[in-house]
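Report on the structure given below.
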Amino acid sequence: MNQIIEYKNIGKSYQGKWVVRHCNLTINEGDFLCIVGTSGSGKTTLLKMINGLIVPDEGDITIFGTRVIDQDIISLRRKIGYAIQGDGLFPHMTVAENIGYVPRLEGAPKEEVDAIVERMLSLVGLPLDSKEKYPKELSGGQQQRVGIARAYANSPKILLMDEPFGAVDSITRYQLQEDLKHIHKQTDCTIVFITHDMHEAFKLGTHILVMHEGKIQQYGTTEEVKNHPSNDYVKQLVEMTR
């Protein structure tokens, strides 16, 4: 397996309080990593360091073998898909314009952008006639699918997802989880996915990172975490899923 993301003794503080410290972690190409933990445990901080939205106060993070701080941040972000809760779509743009946004920025010709849009709609299971609709004309689940399609549109090697299904109903969430598992198998993109839900983490992830109070409690394959919790905190989370 090729290493794609590495955290080296990472630390980040806000107003004198460390939210993450002494974090060392390697993520390999093709992994589906679910980061689990309570609010304030450092999950989103770790995620946003990958695309440079947050800069560590200590240590280094490398992406594609190069330190983030040594890379052109705009170019890096265009290689990394980003999907958040509530989809983050541009309300004044059609579905097609939202999905094709980054390829257009990269200078792709119209014919190529159109082909990407159609391919992405097919990937996330949306009909082609949704291209000219605006986000407000779609259901919450459809909007979330468009958000995923936009995140994948530039064929990213890495996809960051910050609780993307937290704002949809349970039935829609189940279907989106199934769709995302299928998409991951089709594309083999490396996914870093934040969730509060251990059930969701076990369902989706190839690997799980459990965070608590800014420290890694356990990192391993889904089976390792499920069958061999490293401490009482992780054991308690696992038992809640049984």
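Rule-based calculations on the coordinates, nothing more; no lab input. This one's a predicted model, so the numbers in the text were calculated from it and none came from an experiment. All Cβ positions, glycine included, derive from the backbone under ideal geometry; neighbour counts span all protein chains shown.
Percent of Cα-Cα pairs more than 17 Å apart in the stretch 91-155, please. Display every interim value, and only then the final one.
Numbers: 589 of 2080 pairs.
Value for the stretch 91-155: 28 percent of Cα pairs lie more than 17 Å apart.
What nm value, rounded to one decimal, do you get for the distance between Gln85 and Thr241 when each label is placed 7 Å out toward the C-beta?
Label-label distance for Gln85 and Thr241, simple model: 2.0 nm.
Take Arg67 and Asn231, extend 7 Å from each Cα along the Cα→Cβ direction, and tell me the distance between the two endpoints in nm.
Modelled inter-label distance: 3.0 nm.
Post the alpha-carbon centroid distance, the stretch 198-239 to the stretch 124-146, in whole angstrom.
Between the Cα centres of the stretch 198-239 and the stretch 124-146 lies a distance of 34 Å.
Between Ser130, Ser155, Ser170, where does the largest GNM mean-square fluctuation fall for the chain, given springs only between Cα atoms within less than 10 Å?
Checking each option, the largest mean-square fluctuation is seen for Ser170.
How long is the gain from His199 to Gln3 if the chain were fully straight, where each residue apart is worth 0.36 nm and the alpha carbon distance is subtracted?
67.9 nm
What 222 nm value per residue comes from the helices of the chain, counting each DSSP H run with n ≥ 4 as -39,500 (n - 2.57) and dividing by all residues, nearest 500 deg cm²/dmol?
Here the helix-only value at 222 nm equals -10500 deg cm²/dmol.
Between Ser139 and Ile74, what length comes free when the chain is fully extended (0.36 nm per residue of separation minus the Cα-Cα distance, one decimal in nm)? If you can, show how the numbers build up before the last one.
On the way: separation 65, 0.36 × 65 = 23.40 nm, distance 3.13 nm.
Extra length available between Ser139 and Ile74 comes to 20.3 nm.
Length gain on complete extension for the stretch Glu111 to Lys48, per 0.36 nm per residue less the alpha carbon to alpha carbon distance?
Values: separation 63, 0.36 × 63 = 22.68 nm, distance 3.28 nm.
Separation in residues times 0.36 nm, less the Cα-Cα distance, equals 19.4 nm.
Show me the ranking of peptides 132-144, 36-48, 67-79 by mean Cβ neighbours inside 10 Å, starting with the highest.
36-48, 132-144, 67-79
Explain nothing, just the number: relative contact order of the chain, from Cα pairs under 8 Å at least 6 residues apart, as a whole percent.
Once divided by the residue count of the chain, the mean separation gives 27 percent.
Give me the percent of Cα-Cα pairs in the chain that sit more than 28 Å apart, rounded to a whole number.
32 percent
Tell me, rounded to the nearest percent, the portion of alpha carbon pairs in the stretch 61-124 spaced more than 21 Å apart.
Details: 715 of 2016 pairs.
Cα-Cα pairs of the stretch 61-124 separated by over 21 Å account for 35 percent.
Could you size up the charge dipole of the chain around its Cα centre, putting +1 on the beta carbon of Lys and Arg and -1 on that of Asp and Glu, and report it in debye to the nearest 20?
On the way: 27 positive and 31 negative charges, 64 e Å.
It comes to approximately 300 debye.
Using R₀ = 22 Å, calculate the FRET efficiency as 1/(1 + (r/R₀)^6) where r is the Cβ-Cβ separation of Asp129 and Glu178; round to 0.05.
E between Asp129 and Glu178, to the nearest 0.05, is 0.45.
Which links in Lys8/Lys79; Lys48/Lys181; Lys133/Lys203; Lys181/Lys226 stretch past 25 Å when you go from one Cα to the other?
From Lys8/Lys79; Lys48/Lys181; Lys133/Lys203; Lys181/Lys226, over 25 Å: Lys133/Lys203.
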